[in-house]
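One structure is given here, and the rest of the page talks about it.
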Amino acid sequence: MTQLLDNIEIETAPNPTVAVIWMHGLGADGNDFVPLVKELDLNGLPGIRFIFPHAKAMPVTINNGYVMRAWYDIVGTDIARREDEPGLRASQADVEALIAREKSRGIPAERIILAGFSQGCAMTLQTGLRHDEKLAGLLCLSGYVPLADKISNERSDASLKTPIFLVHGTHDGVIPVARAHQSRDLLKALGYQVEWHEYMMQHSLCLEEINDIGAWLKKVLA
């Protein structure tokens, strides 16, 4: 059995009926997006349990083997060509364990959102597209579809009903916006409902994006 990742939990009300599992980016940890909860407009929404897991620490090749929190290894600048498939699949199992824990606490899959930034966005798509139940949504910030050549064979039928919020910065110097366009077009070609936004920003977040996240949450949790 997969040991549960250490994580931070924030509940917006007692006995929440929605869970948001939010994955951080490379070298960060679960604390990274905790402040965002107060910035989101959650008025009118049911109680939400936000779960911010900490990825395990590992040596990251592109950073000279420096050990940091990462969902998978980054081998080189061409992230599409040389991907750490074992690392991606191991972290997918870790995220699945968090989904299972929420279900055991009484929150059904269709009320669970996966969310993530950068590497965390990649993990949201890696896990959410393969999960065998419809989820409430996939909130995908400044990332891409990993193992893109395998997704058409590995995606679940149930995931086609899961709405996807996919956003990127036009000036992103870490993951070029063209990579996000490729992911968007792939998802649409596979039949997914994708809400796409791009913003005049780098590899970060902006106020307009935060407002759009709040509006999307209200839409999928209505």
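For region 86-95, the criterion of being in a helix (DSSP H, G or I), of a type outside the set (Ser, Thr, Tyr) and more than 16 Å from the chain's Cα centre (by Cα) is met by at least one residue.
The condition of being open to solvent by less than 50 Å² (accessible area, probe 1.4 Å), without any contact (Cβ under 8 Å) to a residue 40 or more places away in the chain and farther than 21 Å from Arg130 by Cβ holds for His197. Answer yes or no: is there a residue in region 142-151 that is buried (at least 19 other Cβ atoms within 10 Å of the Cβ), out of contact with any strand residue (DSSP E or B) (no Cβ under 9 Å at 6 or more places or on another chain) and not hydroxyl-bearing (Ser, Thr, Tyr). So far as region 142-151 goes, yes, one or more of its residues are buried (at least 19 other Cβ atoms within 10 Å of the Cβ), out of contact with any strand residue (DSSP E or B) (no Cβ under 9 Å at 6 or more places or on another chain) and not hydroxyl-bearing (Ser, Thr, Tyr).
Just a yes or no: is a residue in region 99-113 open to solvent by less than 30 Å² (accessible area, probe 1.4 Å) and either closer than 16 Å to Leu26 by Cβ or assigned to a strand (DSSP E or B) (or both)?
Yes, some residue in region 99-113 is open to solvent by less than 30 Å² (accessible area, probe 1.4 Å) and either closer than 16 Å to Leu26 by Cβ or assigned to a strand (DSSP E or B) (or both).
Report, by residue number, each residue of region 45-96 that is open to solvent by less than 20 Å² (accessible area, probe 1.4 Å) and out of contact with any helix residue (DSSP H, G or I) (no Cβ under 8 Å at 6 or more places or on another chain). Those that are open to solvent by less than 20 Å² (accessible area, probe 1.4 Å) and out of contact with any helix residue (DSSP H, G or I) (no Cβ under 8 Å at 6 or more places or on another chain): Gly47, Ile48, Val60, Gly87, Asp94. Reported count of residues in region 208-222, each being closer than 17 Å to Thr17 by Cα and without any contact (Cβ under 8 Å) to a residue 60 or more places away in the chain, is 2.
Take the conditions at pLDDT 95 or above and either surrounded by fewer than 24 Cβ atoms within 10 Å (Cβ to Cβ) or not aliphatic (A, V, I, L, M) (or both) and apply them to Leu160. Does it pass? Criteria met by Leu160. Being closer than 17 Å to Gly128 by Cβ and aliphatic (A, V, I, L, M): is that true of Val67 here? No; evaluated as a whole, the condition is false for this residue.
Within the option set Glu102, Glu83, Glu96, being closer than 19 Å to Gly128 by Cα, at pLDDT below 95 and not hydroxyl-bearing (Ser, Thr, Tyr) holds for one residue only, Glu83. Among the residues of region 49-80, those identified as touching an Asp or Glu at 6+ places or on another chain (Cβ under 7 Å) and aliphatic (A, V, I, L, M) are Ile51, Met58, Val60, Val75. When restricted to residues that are over 14 Å from Tyr192 (Cβ atoms) and in contact with a strand residue (DSSP E or B) (Cβ under 9 Å, 6 or more places away or on another chain), region 152-170 contains 4.
The values are calculated or read from the model by the stated rules, or taken from the named source; none is laboratory data. Quick caveat, the model's predicted, so the values are computed rather than measured. We place every Cβ from the backbone using ideal geometry, glycine too, and count neighbours over all the protein chains shown. Heavy atoms of the whole protein, side chains included, go into the accessibility calculation; ligands, DNA and RNA do not. Shrake-Rupley method; radii C 1.70, N 1.55, O 1.52, S 1.80 Å.
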